[in-house]
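One structure is given here, and the rest of the page talks about it.
Values quoted throughout were computed directly from the atomic coordinates according to the rules given, and no laboratory measurement underlies them. From a predicted model like this one, the values you see are computed outputs, not experimental measurements. Reconstructed Cβ throughout: ideal geometry from the backbone, glycine too, with neighbour counts over all protein chains shown.
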Amino acid sequence: MTKPNIIDAGDVLVLGAGLAGIFTALKLAPKRVTVLAGASCAKENGSSGWAQGGLAAALGPDDSPALHLSDTLAAGAGLVDEGVARIIAEEAPDRVRDLVAFGVPFDRDDDGNIVLGREAAHSKNRIVHVSGDRAGAVIMDTLWHAVRAEERINVLSGLRAVSLVKRNGRVCGVYAVDDTADDLTPVLILAGDVVLATGGIGTLFDVTTNPAASKGDGLAMAARAGAKLADTAFVQFHPTAINVGRDPAPLATEALRGEGAVLINGDGERFMRDAHKDAELAPRDIVAREIKKQISIGNKVFLDCTSAVGAAFPDRFPTVFKSCMSAGIDPRVEPIPVAPAAHYHMGGVVTDHDGQTSLDGLWACGEVACTGAHGANRLASNSLVEAMVFGARISARILSKPARKQIVSGVGIGPCDERLLMPNTEEGERLVTKIRHIMTRRVGLVRTEESLISALEEFDRLRAEDDLPLDVFNMITVAEIVAIDALLRRESRGGHFRADLPSTDEDYAHRAEFTYGDLTERIAAQVGLERKAG
Ligand SMILES: Cc1cc2nc3c(=O)[nH]c(=O)nc-3n(C[C@H](O)[C@H](O)[C@H](O)COP(=O)(O)OP(=O)(O)OC[C@H]3O[C@@H](n4cnc5c(N)ncnc54)[C@H](O)[C@@H]3O)c2cc1C
């Protein structure tokens, strides 16, 4: 192996430049921080900039953190860690005030009060918006402005982390590569602490609202390094992605249903009224499955906003309006075709109340983390606040510790796993498409023991091939972690639905925590499938 170049990342290396990553970096002042942005265009490569709805925070006179907490607990289907959800509900208003201080222009009424919108499964109006549906884009623009003004924050674009590195058992950096190159030469990046903020896993499914960077790299790296993971079976499918054959699928925000938009099938019937007392505002998993049911019996499904929003569309929901118009649909006067799409991963890398993972030196926040806040199903608009609440907590903990003396040398660090250094190829792209199909059909919105086992068998066949490109190797690791956890959870709950076990089972009313190694052992013991952690 060639000797890697070494980069000194300073006090803290943040992996990922979404809201979780850059908010943490900003809060870490006066520490010297390097942010690894993954793809070359740092500003546009995460889900954060695409968020439409906004952030949930109990700011209204009739609202309270206790009510926000109780809605979060109800949505999470029995698996929410109450202590964590309470922290988020109590600290969310302060994190919104942080954004105001950075200059985020939240939508306000004539008296200057922040306007609070409603979304599914929230009992009060508590969603703060920016320019209608542009919350993510404007928040990220504002924070990037602040990052650029900070000399102590160095952003490295065009490098993708592939493996966490440890010295004396402590995580102290990563190997990273330029994954667009023909030859993946690893660079060793070293820091005092490492924060994982690499986002979600939506790209593992062939219909997703997530950007291409949401490949689950962070989960794969943490799994291979032996970190504790949890609840990886729980994937949230957004009910109303705009169904016009695009990848990623543009989103029709939940706020539209909050405004009174209704779901209809091709015959114009409002099918959600029969399915749930809250009709279109039922929890996401229920709405998504009802839409899937309609589609599987040959019906098309539409979100009809013509009465609820109508002519106000371009002002109120400019992002959705633009997506629709570019596909030849005028949502002011015609219903929008919709379908469920993989949207958010509730599971991830386990952290404590301060974002510390089970590995010394490694912290995690944002979608890659599993703090326990979302349980089996995330309440809408709770993820951006979770990312900021935990980014702030990680920063406070790191700032309160004595500074670590950093060793900028490769001594005591093993070489990069050669299997992570295979460039992506056209054949690799074919395999990626195949994995995404398998995940959607067998590990998606509806699963069975049979579908999950056959998915795992397919992944084994793929894994047996030589020299798998980086994307394929990583995606198989994550796909397998999701599928095995789904196989071991012998019940249905929240974002995990088993058609062969459709009821919730009290025996499973707990979070599932495991390492990658445990998972493969458990599957051998319980289902008789012999596997090896890859
Ligand atoms: C269309 C859409 C709308 C949404 N609307 C809302 C909403 O209204 N409210 C809400 O609360 N939530 C919403 N969500 C969810 C929310 O946006 C995400 O959960 C949140 O933004 C995740 O933030 P993050 O910083 O963890 O990850 P991201 O914003 O996805 O950022 C991840 C970063 O990690 C980088 N990265 C990935 N892999 C690597 C690697 N190997 N090496 C280095 N860098 C890497 C990426 O390039 C990116 O910079 C929405 C999501 C989508 C997709």
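For Lys124, the lysines whose Cα comes closer than 18 Å to its Cα, not counting residues fewer than 8 places off in the same chain, are Lys277.
If each residue's Cβ is checked for other Cβ atoms within 10 Å, how do Lys405, Lys31, Lys434 rank with the fewest at the top?
On the way: Lys405 6, Lys31 19, Lys434 14.
Ranking Lys405, Lys31, Lys434 by Cβ neighbours within 10 Å, fewest first, gives Lys405, Lys434, Lys31.
Calculated mean residue ellipticity, 222 nm, the chain: -10500 deg cm²/dmol, from DSSP H runs (n ≥ 4) at -39500 (n - 2.57) each, averaged per residue and rounded to 500.
For Lys293, the aspartates and glutamates whose Cα comes closer than 19 Å to its Cα, not counting residues fewer than 8 places off in the same chain, are Asp206, Asp267, Glu269, Asp274, Asp278, Glu280, Asp285, Asp304, Asp500. Taken along the Cα-to-beta-carbon direction at a fixed 7 Å, the label points for Asp62 and Ala212 span 4.7 nm.
Once the C-beta distance of Glu521 and Ser454 is scaled by a Förster radius of 25 Å, the resulting FRET efficiency is 0.70 to the nearest 0.05. In terms of other Cβ atoms within 10 Å, Thr198, Thr504, Thr433, Thr240 run from fewest to most in the order Thr433, Thr504, Thr240, Thr198.
Taking amide H atoms as placed 1.01 Å from N in the peptide plane, the amide H of Leu55 lies under 5 Å from those of Val128, each 5 or more residues away in sequence or on another chain. Computed packing ranks the peptides 129-138, 45-54 as 45-54, 129-138, most packed first, by mean other Cβ atoms within 10 Å. The alpha-carbon of Lys166 sits under 27 angstrom from the alpha-carbons of these lysines, leaving out residues fewer than 8 places away in its chain: Lys3, Lys27, Lys31, Lys215, Lys228, Lys401, Lys405, Lys532.
Place a +1 charge on the Cβ of each Lys and Arg in the chain and a -1 charge on the Cβ of each Asp and Glu, then give the dipole magnitude about the Cα centre in debye, rounded to the nearest 20. Before the final figure, lay out each step's value.
Details: 58 positive and 73 negative charges, 158 e Å.
I would put it at about 760 debye.
By the Cα gyration tensor, region 235-343 has an equivalent ellipsoid whose semi-axes, rounded to whole angstrom, run 20, 15, 13 from largest to smallest. Averaging the Cα positions of each part gives two centres, and for region 179-247 and region 55-122 these lie 26 Å apart. A Förster radius of 25 Å, combined with the Cβ-Cβ distance separating Lys434 from Ala181, puts the computed FRET efficiency at roughly 0.55. Counting other Cβ atoms within 10 Å as a rough exposure proxy, the listed residues Ser409, Ser451, Ser383, Ser64 run Ser409, Ser64, Ser451, Ser383 from fewest neighbours to most.
Over the chain, what is the percentage of antiparallel beta bridges among all DSSP beta bridges, to the nearest 5?
Numbers: 35 of 58 bridges.
Around 60 percent of the beta bridges assigned by DSSP in the chain are antiparallel ones.
Counting Lys and Arg as +1 and Asp and Glu as -1, each charge on the Cβ, what is the dipole of region 415-505 about the Cα centre in debye, to the nearest 20?
Values: 13 positive and 19 negative charges, 108 e Å.
Magnitude of the dipole: close to 520 debye.
Averaging over every viewing direction, what projected area does the convex hull of the Cα atoms of the chain cover, in nm²?
Working: hull surface 94.2 nm².
Over all viewing directions, the chain projects a mean Cα-hull area of 23.6 nm².
Most tightly packed first, judged by the mean number of other beta-carbon atoms within 10 Å of their residues, the peptides 346-353, 395-402 read 346-353, 395-402.
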